[in-house]
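Contents: one structure, followed by commentary.
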Amino acid sequence: MTRDTAALRPALTRTPRRSGGPRRSDTAHAAILDAAEALLTTGGPSAVTFEAVARAAGAGKPTLYRWWPDRIDLLLEVYDRQTGATLPEVDTGSFEEDLIVSISGLWRFWRESVAGRAFAAVVAEAQFDETARSTLVERLRDPAFPLRPVIARAVTRGEITPSEGEGLREFVVALNWLRLLTDRLDETEVPALVAALLAGRGRRRPA
């Protein structure tokens, strides 16, 4: 698998949270997500309100509240819908190459899709909204979080230790979110950033 052909399952995908309400109509569900995606495309994240989505989809606000507890859940389902849940994992046989392929693919996806705007809005909102913050933390702890398999394989191959893996995961997530929020998603910079990150892990503070 090469950098150019490797597919990426983008970070932070999840199974949408289901409510205890009536089973939702697939047609109505799709119409609401279509409306939210269209509003996101034309007006940005701030345009995606339950009022606007309900009006555009021809649905009632109570329907949206039954299916999505809040706006954050709706934005994340728009994000997840675009990322897809079946894209293959990255496995090149090298931890460094896996990171380069994964990060490059994610940045390209965020830059070229409306999903990147949706996720950036969630990360930004998490700074002052407890619900958004809790949702992001839940995703980071998910065993299916895409970086975890990459790190687990690197540990198995002896490229890193388990404790190093957890720290590197935090650094990679921080790097991704920083670049997303500051609109600096240039994947040509990724190889040098990954090389610097991995070189730095071997340095120890003098006693």
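Computed values, structure above
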| item | result |
| --- | --- |
| In the range 111-168, the residues that are among the hydroxyl-bearing types (Ser, Thr, Tyr), outside any helix (DSSP H, G or I) and surrounded by fewer than 13 Cβ atoms within 10 Å (Cβ to Cβ) | Thr161 |
| From the options Thr131, Thr135, residue that is under 12 Å from the mean Cα position of the chain (by Cα) and farther than 29 Å from Glu97 by Cβ | Thr135 |
| Qualifying residues in the range 69-87 (those that are modelled with pLDDT under 85 and hydroxyl-bearing (Ser, Thr, Tyr)) - the one nearest to Glu125 (Cα to Cα) | Thr83 |
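The values are calculated or read from the model by the stated rules, or taken from the named source; none is laboratory data. Only a predicted model underlies this, so the values are computations on that prediction, with no experimental measurement involved. Reconstructed Cβ throughout: ideal geometry from the backbone, glycine too, with neighbour counts over all protein chains shown.
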